[in-house]
Each structure stands twice: as structure tokens, then as C-alpha cells.
Amino acid sequence: MEDVRRKHRPAIMIYTELKLTSRQKAGNYLQRLFHKSYTIEYSFGPAAARPPGDKSRQREGTAGVAICVSKKHATPQTLDCLTPPSLQGYVAHIRLTSPTSRPLEVVGVYLPGDDKAKQKLIYEYITAADGRCKTEGTTLLVGGDFNANLFPEDRSSGQTRNADQRYRQFVSATHLCPLTGWEANRQHTYWQKRASPSASSRIDNLLKSPQTEPRRRLTPTEDEKRRLTSELATSADMDRLTQTLGNAATQWRQASEQALATTLATLECFSTWHGAPLKAKLPIRTLNKRLTFYDRDC
């Protein structure tokens, strides 16, 4: 594990079927292995039954999942642990938030190949988490040991088992897709070298939610509140100014029309005294002459 960390320096690692002993749990084995450079969310299974005649204090654990997040990306303010107590040892769940990107939820899983009831509970949990993430606009990443195959080519024998059918139905229902794509002939992740003939399969997978536009949060942040308040105030001020200017322009136009109508009516009345009725529409110069003529006669 340390070789993988040194070579690839991954931001997130998921380990499954750890089967840590009680001493390894107490001593935070993975933390010491990674020199405290990762924040780790554990999901421990119960201790294994002690074999007959075994009086040792150390008992191997069962199942076990751990999600390791580089401390460059995980802080107490950005990391929330959501692991369900009812699925300890089989599901580890965290949520990462960032002010510059959409939230990310990571679910690490270990599905026991011989426990159909446990598989059903795990699939139901992931399905519920996937539905919530889609509603919130959160990216979901599910990784681990599914003990099942997506494609016939994922098993060297080409056979399809009942666990494979349940796994494929789950992926089809949630629309989660492999992180490496849907290409065939993917690299296998599990080998049975002692089997005759030797067998291999791909029972480990990383699935991600399809990329969708995040929905706007129902509760705005403080920065969004201040920006929205400023925008609304500016918009309201502009609306009031526009309405005031519009009312003033309307009143001025109405007053001008009324004054012009009164003047024209008066000019028409007096111009008949000079034997030339005033036309309804007169050029400005003619109107000025008539006004001068009217003033001189008065």
C-alpha cells in the first residue's frame, strides 16, 4: 500500500476487506503506514470468531473498509463522515465540500459474495445516496470490492453469476458508470493463481454519477445574500427612477398639448376678424407672424 501511495500520490484511496486486528485498529495502522499524510475514515467489521483451541488475544477482524483522503483536500471544515452504523465493516461514506467546486461524496464498499441479504442492504443504501446527490447536485463516487462483474469479459471463465445480475441491475437503475468508461476487455483486478486452471476477474470498480448541472442551493451563502441584496436594491432604484421620469414626461407632454390646443383655438377665433380662418396645422414661422399680427391689432 505504501508503494502505491509513493508512486501515484493519489488524492483519495479506498481500501476494502482490511480485516484489521484489534491491535492494528487501536494503533491506527494505516495512519502510521502513510506517515499521517492522509485523513482516514474507517468502517470496521466485527472480530472474527476464534478458532477452536485458539487462546491468543489477537483476533482477526472481518470485512473492513477505509477511505483515505490527502490532508491537502481534507480539513475538519471540509470533511464530513457519513458512515452508517448499521453497515459498519461494509460501507464507509464521506462528504467533501469546497468553496470553489461542487461537493463530492465518496462511498467505499465491500460486498460479501456469499451474503445476499447484506448485498441488498448495501445496494439500497447506495441507491438512496445517489438519489439525494442528484437532487442536491453533488458528485457521487462509489468504489470498492463488489464481488461481481459488469460484463462477461470481466471474468476469465465468461460465466455470469447471480451476484453479477444483481450488480448490473443496480448500475442500470442508478445510471452510475465506470470511471474508466464502458469499454470491454478491461484489466482484471483479482487472480486465483492456486486454481486449476488459474482464473481472474474484475470484481473491483469505481463508479461515478453522470455529470449534471448542480442545482442552486435552497439556502444562499452570506456572499450570495449580500450580492443579491445589492442587485435587488440597484434594480429597485432603477425601476423607481424610470417610473418617475416616465410620469414627468407624460405630464409635460399632456400640459404642452393642452397649452397648444388652447393657443390654436384662440388664434382661430381672432383670425376670423381679419377674413382669413386659421388652418389646423401651421408652420412655426406662420404661427409667429399670426401671433405678432394679433398683438399689433390688440
Q: Find the Rg to Rh ratio for the stretch 94-205, where Rh is the Kirkwood radius over alpha-carbon pairs and Rg uses the same atoms.
A: 1.01
Q: Rank these by accessible area, largest first, 1.4 Å probe: 191, 252.
A: 252, 191
Q) How long is the gain from residue 262 to residue 127 if the chain were fully straight, where each residue apart is worth 0.36 nm and the alpha carbon distance is subtracted? A) 40.6 nm
Q: May I ask you to rank 139, 189 by accessible area, largest first, using a 1.4 Å probe over the protein chains only?
A: 189, 139
**Q.** Shape of the stretch 104-164, Cα gyration tensor, a/c cut at 1.5
**A.** prolate
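The values are calculated or read from the model by the stated rules, or taken from the named source; none is laboratory data. Owing to the predicted nature of the structure, the values given are computational and were not obtained by experimental measurement. The accessibility values were calculated without ligands, DNA or RNA, using every heavy atom of the protein model including side chains. Shrake-Rupley method; radii C 1.70, N 1.55, O 1.52, S 1.80 Å.
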